[in-house]
Every structure is written in C-alpha cells, then in structure tokens.
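Reviewing the structure listed below.
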Amino acid sequence: MESMGRSQRILLFDIDGTLLITNGAGTRAMNRAFGRLLSLPDGQDALDGLEIAGRSDAWIVQETLRAHGEPHDGAVRREFLAAYAAELPRTLTECQGSLLPGIAPLLETLGGHDVVVGLGTGNFRRTAMAKLDYFGIQHHFRDGGFGEDSPERAAILAAGVRRLRGSEGEAEVVVVGDTIHDIAAGHAIGAKVVAVATGSGSEEELRAAGADVLLPDCADLDAALTAVIG
C-alpha cells in the first residue's frame, strides 16, 4: 500500500464489526498467543475482565500484560504479535466469519468515485491485512492508521490521514465505524462519523455518542453511498 497526494475525500474504515465479523477469531488467536507468551493454563481467558470492543490492539496488549503483572515493552509486543499473527489464519478458518451486509458492493462502487479508501483500525497492520485478505477485500484499501501507531484511536486515525493525504493540502475525512470509540476518535480529529450498528454498539448507544450519520448496516447501497460520499 502506498501514500496518496491530494484528495477531495478520505474514507477511514474500521474493520471488526464494520467491514466484517470474525466470530471471535481475533480473540481466540490473541488468547492462544497470550497463553504462549505468559505460560497460562490451557483454556484460560487472558482477556477476562477487559472490555476490548473498539480498543486498539496496542491497548489490549498493554492492558492484558498489566493485568497479569508483566512488563510491557517493544520486545514483548513484537513477541506477542508474532505469536498472534501465526495463530490468526487458523482461527479465521475455525470461526468462519463473514463480510457484513452490503460491504462488498459498497467497496466495489467506491472504487469508481473520486475518494481515497483507507483504514482506521485498532488492528496491527499485519493482522489487519490477514483479515482483509482472508475475506478478499484487501485490494480496496490504499493505506491507513493501525494499532502500531498508538494505543489511542484518535492518534491512529490521524496517522491514517497523514499517510493517505500525503504532503499536499487538506482533505475532508469520513470515519466509518461501529463503536462509541470510533465516534469519539473521529470527532477528535474533526472528521464526519458514519456509524453502523453491525458491531458491539446498539443504534441507541451510537446515536447518543453523537454519530453524524447512523445506519443499521450497509445493505442499502444508495443510503451507504450517500452517507460516506454524499
């Protein structure tokens, strides 16, 4: 993926709960990786007690290690990521997730418009690409912000905008996500936020959090296009 220059509009899509569901493949792979890293008993939930929906992978690693009394540094995170990335292809197959309604035609249609389609995801880049590749949609995305950029979602989105905008001028940014964290982060960088109620956030929660546009899903192609580029 490569950086773009000036563009009229940048779209930053969250992955889990927005583009696709993995039916727990990511959590299962993380638990196996943490089990190996922390020498936990088989079947122990390393993430027990953490509310991870909408959180970045960097945040999850940081907080999980803290909960288990382990140091958090670059070497430990790299070791975890290697184990997580090794487990994820297997758990994706085991869990049999799917693209969410309307996502495939929406991405295909956006390819014909004057927009830059990118990612604003808490996933580490390597595992984000594994998920998108598994579901056959990786080619739609130019670049973006990823979990390595920061534990905080607003900083992740800002990093994605910098990569996609390049060095020329300003661009209007639209964030598409499914949690209150996506909404807060999008507004923190001055973006319009389109929320879809296909993940952990209910329509009531997303509306109360201040979504600029709220969709039940992207099954209505005209409504989805109007929301993100209209």
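For L88, state whether it is surrounded by 18 or more Cβ atoms within 10 Å (Cβ to Cβ), at pLDDT 95 or above and touching a Gly at 6+ places or on another chain (Cβ under 8 Å). Write out each step before concluding.
On the way: surrounded by 18 or more Cβ atoms within 10 Å (Cβ to Cβ): yes; at pLDDT 95 or above: yes; touching a Gly at 6+ places or on another chain (Cβ under 8 Å): yes.
In short, yes.
Output the number of residues of segment 66-86 satisfying the condition of being in a helix (DSSP H, G or I), closer than 16 Å to L47 by Cα and touching a residue at least 12 places away in the same chain (Cβ under 8 Å). Full working, then the answer.
First, the residues of segment 66-86 that are in a helix (DSSP H, G or I): 66-67, 74-86.
Retained after the next criterion (residues that are closer than 16 Å to L47 by Cα): 66-67, 77, 80-81, 83-84.
Next cut, touching a residue at least 12 places away in the same chain (Cβ under 8 Å) only: 67, 77, 80-81, 83-84.
Adding up the residues that qualify gives 6.
In segment 60-85, which residue that is open to solvent by less than 30 Å² (accessible area, probe 1.4 Å) and not aliphatic (A, V, I, L, M) is nearest to A25 (Cα to Cα)?
So, considering only residues that are open to solvent by less than 30 Å² (accessible area, probe 1.4 Å) and not aliphatic (A, V, I, L, M), the one nearest to A25 (Cα to Cα) is Y84.
Within segment 172-229, track down each residue that is acidic (D, E) and either without any contact (Cβ under 8 Å) to a residue 60 or more places away in the chain or crowded, with 18+ Cβ neighbours inside 10 Å (or both). Break it down into steps so the answer makes sense when it comes.
Within segment 172-229, the subset acidic (D, E) is 172, 178, 182, 203-205, 212, 217, 220, 222.
Of everything in segment 172-229, those that are acidic (D, E) and either without any contact (Cβ under 8 Å) to a residue 60 or more places away in the chain or crowded, with 18+ Cβ neighbours inside 10 Å (or both) turn out to be D178, D182, E203, E204, E205, D212, D222.
If you check E79 against the conditions, is it at pLDDT 95 or above, acidic (D, E) and farther than 12 Å from L20 by Cα? It would help to see each step written out before you state the result.
Values: at pLDDT 95 or above: no; acidic (D, E): yes; farther than 12 Å from L20 by Cα: yes.
Taking the combined requirement at face value, the residue does not satisfy it.
Can you confirm whether E63 is without any contact (Cβ under 8 Å) to a residue 24 or more places away in the chain and acidic (D, E)?
Spelling it out, E63 is indeed without any contact (Cβ under 8 Å) to a residue 24 or more places away in the chain and acidic (D, E).
Please go through segment 3-51 and give me each residue that is modelled with pLDDT of 80 or more, over 17 Å from L132 (Cα atoms) and in contact with a strand residue (DSSP E or B) (Cβ under 6 Å, 6 or more places away or on another chain), ordered by number.
Matches in segment 3-51: R9, I10.
Which residues, taken from segment 5-59, are open to solvent by less than 60 Å² (accessible area, probe 1.4 Å), in a loop (DSSP other than H, G, I, E, B) and among the charged types (D, E, K, R)?
Matches in segment 5-59: D14 only.
Which helices (runs of 4 or more DSSP H) does segment 105-224 wholly contain that include 3 or more residues that are over 13 Å from the mean Cα position of the chain (by Cα)? Quick ask: steps written out before the conclusion?
Numbers: elements: 125-134, 153-165, 180-188, 203-208.
Correct list: 153-165, 180-188, 203-208.
When you go through G102, G111, G144 one by one, which is the residue that is open to solvent by less than 20 Å² (accessible area, probe 1.4 Å) and in contact with a strand residue (DSSP E or B) (Cβ under 8 Å, 6 or more places away or on another chain)? If you could, list the steps in order and put the result at the bottom.
On the way: G102 fails: in contact with a strand residue (DSSP E or B) (Cβ under 8 Å, 6 or more places away or on another chain); G111 fails: open to solvent by less than 20 Å² (accessible area, probe 1.4 Å).
Going through G102, G111, G144 in turn, just one is open to solvent by less than 20 Å² (accessible area, probe 1.4 Å) and in contact with a strand residue (DSSP E or B) (Cβ under 8 Å, 6 or more places away or on another chain): G144.
The values are calculated or read from the model by the stated rules, or taken from the named source; none is laboratory data. This one's a predicted model, so the numbers in the text were calculated from it and none came from an experiment. Ideal geometry is used to build each Cβ from the backbone, glycine not excepted, and the neighbour counts take in all protein chains shown. Each accessible area value is taken on the protein alone, full model and side chains, heavy atoms only, with ligands, DNA and RNA left out. Shrake-Rupley method; radii C 1.70, N 1.55, O 1.52, S 1.80 Å.
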